[in-house]
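**Student:** The structure that follows is given in the form of structure tokens.
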Amino acid sequence: MLTSFKGIYRDGKIELSQAPGEEFEGTPVVVTFLAAGRIDLREDGVAAAQAAEMRARLATFAEDWDSPEMTIYDDYDAAKVSRRAR
């Protein structure tokens, strides 16, 4: 199982946005640096027309997706793991 946590690389250290919990103590990790800025869909083979179609199809979800109540899902994997540990 893979579990993800957001963080920032600063002064030679990774600062996590939240503590992963005791169940992860001593486990191996892989750090992937994400490019800052926008995602270039063309690099992934998505044409402008396809991107516009995807945006239009997903627009119906935007209001719900951006609502404050949806933040509960930001750390879904961590919550799922902590529920199993109980």
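**Student:** In the stretch 49-80, which residues are more than 30 Å from Pro20 (Cβ to Cβ) and touching a Phe, Trp or Tyr at 6+ places or on another chain (Cβ under 9 Å)?
**Tutor:** Selection gives Leu58 alone.
**Student:** What is the residue count in the stretch 43-58 for residues that are under 21 Å from the mean Cα position of the chain (by Cα) and surrounded by fewer than 10 Cβ atoms within 10 Å (Cβ to Cβ)?
**Tutor:** 2
**Student:** Still on this structure, please answer the following. All but one of (1) at pLDDT below 85; (2) in contact with a Leu (Cβ under 9 Å, 6 or more places away or on another chain) hold for Ala36; which doesn't?
**Tutor:** Single failed check for Ala36: (2).
**Student:** Would you pick out the residues in the stretch 5-36 that are surrounded by 10 or more Cβ atoms within 10 Å (Cβ to Cβ) and not in a loop (DSSP other than H, G, I, E, B)?
**Tutor:** Of everything in the stretch 5-36, those that are surrounded by 10 or more Cβ atoms within 10 Å (Cβ to Cβ) and not in a loop (DSSP other than H, G, I, E, B) turn out to be Gly7, Tyr9, Ile14, Glu15, Leu16, Glu23, Phe24.
**Student:** Continuing with the same structure: Cβ contacts < 9 Å: first residue closer than 20 Å to Lys6 by Cβ, restricted to the stretch 61-73; second residue modelled with pLDDT of 85 or more and surrounded by fewer than 10 Cβ atoms within 10 Å (Cβ to Cβ), any location; separation 6+ or different chain. Result?
**Tutor:** Here the result reads Met70/Asp64, each pair linking the stretch 61-73 to a residue that is modelled with pLDDT of 85 or more and surrounded by fewer than 10 Cβ atoms within 10 Å (Cβ to Cβ).
**Student:** Within the set of pairs 6 or more residues apart or between chains, which connect a residue that is free of Cβ contacts under 8 Å to residues at least 40 places away in the same chain inside the stretch 1-13 to a residue that is part of a strand (DSSP E or B) with Cβ atoms less than 7 Å apart?
**Tutor:** So the pair list comes out as Gly7/Ile14; Gly7/Glu15; Gly7/Leu16; Ile8/Glu15.
The values are calculated or read from the model by the stated rules, or taken from the named source; none is laboratory data. Worth saying up front: this structure is predicted, and the values here are computed from it rather than measured. Glycine also receives a Cβ, built like all others from the backbone with ideal geometry; neighbour counts cover every protein chain displayed.
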